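So the structure is just underneath, and the comments pick up after that.
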Amino acid sequence: MKNMQNTKKILWGIIVIAIFILQFFCRGQLGDDVVFANVLDEMSLAEFLNKRYFTWSSRVIIETFLVFIASWSPWIWKILNGIVIIILIDGLT
């Protein structure tokens, strides 16, 4: 039983390291990342959310956070992305 727990911890360690290595090699600031990172240079947050809600998407809460997170360092995005992937894997197991 204890051996199984150690194996599970080692496997999780390998998964976590692999995910963060993959995140390291991913190029950042592509596609929507660039749009969201620069949106506050062109309009206010309220204007952007109003435009997105009525013309494209109703995910206002998610996009509010995305506007701010995308404007931070790409490393923060990579770390948060890795954490979310780990949480999803844990939820599936």
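The values are calculated or read from the model by the stated rules, or taken from the named source; none is laboratory data. The structure presented is a predicted model; accordingly, all values stated were derived computationally and were not measured. With ideal geometry, Cβ positions are generated from the backbone for all residues, glycine too; neighbour counts draw on all protein chains shown. The accessibility values were calculated without ligands, DNA or RNA, using every heavy atom of the protein model including side chains. Shrake-Rupley method; radii C 1.70, N 1.55, O 1.52, S 1.80 Å.
When only Cα pairs under 8 Å and 6 or more residues apart are kept, what is the percent relative contact order across the chain?
Computed value for the chain: 37 percent relative contact order.
So between Asn6 and Ser58, what do we pick up on full extension, going 0.36 nm a residue minus the alpha carbon distance?
14.3 nm
Within a Cβ distance under 14 Å of Asp90, other residues only, what is the Lys/Arg minus Asp/Glu net charge?
+2
Of the options Met43, Thr7, Val67, report the single residue whose Cα projects farthest towards the positive end of the charge dipole of the chain (beta-carbon charges: Lys, Arg +1; Asp, Glu -1).
Toward the positive end, the furthest listed residue is Thr7.
If we count every other residue with Cβ under 13 angstrom of Ser44's Cβ, Lys/Arg +1 and Asp/Glu -1, where does the sum land?
So the surrounding residues net to -1.
Which order do you get for Asp90, Asp33, Asp41 if you rank them by accessible area with a 1.4 Å probe, largest at the top?
Asp41, Asp90, Asp33
Helix-derived [θ] at 222 nm for the chain: sum -39500 (n - 2.57) over DSSP H runs of at least 4, divide by residue count, nearest 500?
-27000 deg cm²/dmol
Please identify, among Ile79, Ile61, Ile69, the residue showing maximal mean-square fluctuation in a Gaussian network model of the chain using a 10 angstrom Cα cutoff.
Greatest mean-square fluctuation among the candidates belongs to Ile61.
In the range 8-75, which chymotrypsin sites (Phe, Trp or Tyr not before Pro) are in a loop and have at most 15 other Cβ atoms within 10 Å, using DSSP for the loop call?
Within the range 8-75, the qualifying chymotrypsin sites (Phe, Trp or Tyr not before Pro) (loop, at most 15 other Cβ atoms within 10 Å) are Trp56, Trp72.
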